[in-house]
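Asker: Got a structure for you, questions after.
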Amino acid sequence: MAHNPGFLKLVNEAKSRIKETDIQGYKKMLADGRKAVLIDVREDNEWAAGHAAGAMHLGKGVIERDIETRIPDKNTRLVLYCGGGFRSALSADALQQMGYADVISLDGGWRAYQQSGLPVEK
């Protein structure tokens, strides 16, 4: 997908302020027993078509509104994913501004997750 320059500028600025990991880093985190809440920030129709097993769905449009109710402990490690890693980077940046201390965006997102062999649900 070709993205507009203004969007890419916003994403790149967010990526300069957040932590990211790729799918290998995420798998290593799991293998090392480092717990994290996996959050899918995609749209409802994307979630319904398939998502990471055990993930929580908080779409980008509502995550800032609902995160404190769903995950009140701001020290909880959160791993966010979207389709490819752009919307999750923007969401991670916003959550950090809200005081969440351990937020990671999954670079490669759902596409990388699906190819990784990790379990999926519908």
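Asker: In region 1-33, how many are within 16 Å of the chain's Cα centre (by Cα), of a type outside the set (A, V, I, L, M, F, W, C) and closer than 23 Å to Thr76 by Cβ?
Answerer: The number of residues fulfilling the criteria is 10.
Asker: For residues that are of a type in the set (Val, Ile, Thr) and open to solvent by 20 Å² or more (accessible area, probe 1.4 Å), tally how many sit in region 78-121. Let's see the steps before the verdict.
Answerer: Of region 78-121, the ones of a type in the set (Val, Ile, Thr) are 79, 103-104, 120.
Those still in the list that are open to solvent by 20 Å² or more (accessible area, probe 1.4 Å) too: 120.
Qualifying residue count, region 78-121: 1.
Asker: Looking at Gly50, Gly117, Gly99, Gly25, which one is over 25 Å from His3 (Cα atoms), in contact with a Lys or Arg (Cβ under 6 Å, 6 or more places away or on another chain) and of a type outside the set (Ser, Thr, Tyr)? Explain how you work it out, then say what you get.
Answerer: On the way: Gly50 fails: over 25 Å from His3 (Cα atoms); Gly117 fails: in contact with a Lys or Arg (Cβ under 6 Å, 6 or more places away or on another chain); Gly25 fails: in contact with a Lys or Arg (Cβ under 6 Å, 6 or more places away or on another chain).
Matching residue, one of Gly50, Gly117, Gly99, Gly25: Gly99.
Asker: Further, regarding this structure: I'm checking my understanding of the structure. Among residues of region 84-94 that are free of Cβ contacts under 8 Å to residues at least 60 places away in the same chain and closer than 14 Å to Leu38 by Cβ, which one is farthest from the chain's Cα centre (by Cα)?
Answerer: Ser91
Asker: Identify all residues within region 16-34 that are open to solvent by less than 50 Å² (accessible area, probe 1.4 Å), touching a residue at least 24 places away in the same chain (Cβ under 8 Å), outside any strand (DSSP E or B) and not aliphatic (A, V, I, L, M); write none if there are none.
Answerer: Across region 16-34, the qualifying residue is only Tyr26.
Asker: Let me ask something additional. Do you know which of the residues in region 101-122 that are of a type in the set (Asp, Glu) and in a loop (DSSP other than H, G, I, E, B) is nearest to the chain's Cα centre (by Cα)?
Answerer: So the first thing to find is which residues in region 101-122 are of a type in the set (Asp, Glu), and the list is 102, 107, 121.
Among the residues that remain, those that are also in a loop (DSSP other than H, G, I, E, B) are: 102, 107.
Values: Asp102: 12, Asp107: 8 Å.
Selected residue: Asp107.
Asker: Can you tell me which residues in region 35-60 are farther than 11 Å from Cys82 by Cβ, in a loop (DSSP other than H, G, I, E, B), open to solvent by 50 Å² or more (accessible area, probe 1.4 Å) and at pLDDT 95 or above?
Answerer: Gly54
The values are calculated or read from the model by the stated rules, or taken from the named source; none is laboratory data. Note that the coordinates shown come from a computational prediction; the quantities given were computed from them, not determined experimentally. Here Cβ is always computed from backbone atoms with ideal geometry, including for glycine, and neighbour counts include all displayed protein chains. Areas reflect the complete protein model, heavy atoms only, side chains present, ligands, DNA and RNA absent. Shrake-Rupley method; radii C 1.70, N 1.55, O 1.52, S 1.80 Å.
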